[in-house]
């Protein structure tokens, strides 16, 4: 079935190619050749002999195997993930975005693009070094500009032309390697030094170098494995071509590097190897073909980068990640990203004018390693989550992706810890910028699955701990909604109770408005709370009657781990629902849910939101404060949160039935403020009871009262009228502790 499906897709794409004229590339020309030519680069020609001279043959083989094992792990992870998704344009950017979101993909894609673009300039400088070795009288700047112009024209015309030229370069490199190995057959055989003394290089006066120092010099030779993946948007079958082409290129190049190390060890002494970088040219049967191979390697690497970088940029623009994204994302009728090509050419030209990239070259290497690490991390996360959506046709053990991540991070900090840290910081800064852009992805990703898995893990761990959540208390509100219009009047109030770490669960109740109206408005209201920094969700219950509806919702949510802890009710002006409200309050308390009953003053509302008054009923005769505040914790916690979010003043008012207890009540209020760690609290003591309150001189924006399990709702309405302000009545659930 799989083969038939792939064949049908191939025929369809061939028909589309003939119709539109857009050339699609296969495994060999689109992935294998560019990847192989990028790996067989200048380090193979000019530094592998130096590596053997320093480390000996076994040391060199070990360095080669470690370096290639890291890229092989990444190649295997790349193969696995590309057989699981429909990879779009942009290579690594597309893979990471589809798994971890556009923000993470963009934070890797932008540095990866810049690395590819700046690498073009680096390869041009390498080509120039080889060219001037032949023609030392040629002006360096003129050579750079001529090579850049040739590269740009080839890439601008089409990727197809670039890939056809790479066939010629591949033939030249193959000829150079044949000349090298053939030359080794007739030359005297040197005794093999299996482990070297690590003398260093001519640049440091042969003062010595460590194993990992030699590894750091060699490792860039093993990179370049994304050269084919960067062309993902223009491959006939990327799901098939990227795994086969990439892994094939890694395998072939590894064999070449291992054989060449043996050739170096048998062809020259260690002293010759560490002091003569061009020994490979001198020992070959025909030196000029090896020199041509060196020039071809740098030219092909530059050509691959200048073809691949605009494809990454075009993909970034296609998802609106960069400024002027619409212009950058445009393609010609033949699928060429000309605008992105022009922009990339400008960056390369600017880099050439700097005349050296020594300061940013290590940063470029780090960005490549970060992108490799993220490819491995994507696969490791997908494997760990065990989601049914991750079913790649090419399966690898989880240890492979883990070793890929660990290997990339290890290499980063072995090669250059300071630059590695800088690269990570830059990636995080780009990510924070993209988070603020609120990018809209046309595809899903695994972030929700990742966070759900973490939440499930945390929930299971929490079940083994003590049941009390006093120190972790948050204002998690359950808000019944019969008519969405009524919520507008309390939106800010609810937000200020829950902010910053609380949550709001909107419980839609049918009966007052049409079910369709609730279904359309509840998601919008939930989104509005989330835009204000409050996690919000919604659900709908269809039943008979307000009370039965709400009680059913409370009972349904009781068993959930992240259940609401506070029921928020509005006190209606009419008494029609008083019995239902009392029943709801008793049911909420039975299920250990606190209750906030809000009575909004019809005229004053919240006033200027600059003052809050908490009422403390008579606690005589002793007015002693202990660890248990009774039914005062929720009222105190909510008053404190509103004080912070409104930036308001807070006062405590005590009610005593005898003037002799005034001092004790005042001391209690001061101790309460001190133990609850609430500064700048004003206190007052009144010789009244709740039903005798006639108002207080300074009218606060909100009064907060404690509420009994069987509240007097007529008294609540009367208090709202007497105080001339909105009132909030609180009943503890038993889960709160204002002194914790």
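From (1) farther than 27 Å from residue 108 by Cβ; (2) touching a residue at least 60 places away in the same chain (Cβ under 8 Å); (3) in a helix (DSSP H, G or I), pick out the condition that doesn't hold for residue 333.
(3)
Taking segment 618-647 only, how many residues are under 20 Å from residue 701 (Cα atoms) and in contact with a helix residue (DSSP H, G or I) (Cβ under 7 Å, 6 or more places away or on another chain)?
Here the count works out to 5.
Keeping to segment 616-653, report how many residues are within 13 Å of residue 681 (Cα to Cα) and not in a loop (DSSP other than H, G, I, E, B).
10
Would you confirm whether or not segment 273-295 contains a residue that is at pLDDT 90 or above and within 20 Å of residue 155 (Cβ to Cβ)?
yes
Take residue 332 and tell me if it is farther than 23 Å from residue 239 by Cβ and crowded, with 18+ Cβ neighbours inside 10 Å.
In short, no.
For residue 419, are the conditions met, namely being in a helix (DSSP H, G or I), assigned by TED's automatic domain parsing to the domain that holds residue 103 and more than 30 Å from residue 156 (Cβ to Cβ)? Talk me through it step by step, then tell me what you get.
Working: in a helix (DSSP H, G or I): yes; assigned by TED's automatic domain parsing to the domain that holds residue 103: yes; more than 30 Å from residue 156 (Cβ to Cβ): yes.
So residue 419 passes the test.
Collect the residues in segment 497-524 that are outside any loop (DSSP other than H, G, I, E, B) and surrounded by fewer than 21 Cβ atoms within 10 Å (Cβ to Cβ), keeping them in residue-number order.
Within segment 497-524, 503, 515, 516, 517, 519, 520, 521, 523, 524 qualify.
Scan 75, 90, 21 and give me the residue that is touching a helix residue (DSSP H, G or I) at 6+ places or on another chain (Cβ under 7 Å), assigned by TED's automatic domain parsing to the domain that holds residue 410 and at pLDDT below 85.
Selected residue: 90, the only one of 75, 90, 21 that is touching a helix residue (DSSP H, G or I) at 6+ places or on another chain (Cβ under 7 Å), assigned by TED's automatic domain parsing to the domain that holds residue 410 and at pLDDT below 85.
The values are calculated or read from the model by the stated rules, or taken from the named source; none is laboratory data. Everything numeric in this text was worked out from a predicted model, so none of it was measured. All Cβ positions, even for glycine, are placed from backbone atoms using ideal geometry, and neighbour counts span all protein chains on display.
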